[in-house]
1. Just one of the numbered conditions (1) at pLDDT 95 or above; (2) aliphatic (A, V, I, L, M); (3) in a loop (DSSP other than H, G, I, E, B) is not true of Val37; which one?
2. Out of everything in region 40-52 that is among the polar types (S, T, N, Q) and part of a helix (DSSP H, G or I), what residue ends up being surrounded by the most Cβ atoms within 10 Å (Cβ to Cβ)?
Amino acid sequence: MKLLKNNKLNRNFLGTTGRIPLWVVGLVLGLLAIGLVGIFFYGSYNGLGSSL
């Protein structure tokens, strides 16, 4: 009985039933987008695109 209560609490905390929460997907995609923009800025100041 205790195991069922813990499982129910865990599902309520995550808000899903085994799927990845949408906020986690959004967080990961947002961090990847920021990282990609950062790589472009880094490349504009270093290497072939720096024009120095």
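The values are calculated or read from the model by the stated rules, or taken from the named source; none is laboratory data. None of the values given here were measured: they were computed from a predicted structure. Quick reminder, even Gly has a Cβ in these numbers, built from the backbone with ideal geometry, and neighbours come from all protein chains shown.
1. (3)
2. Ser44
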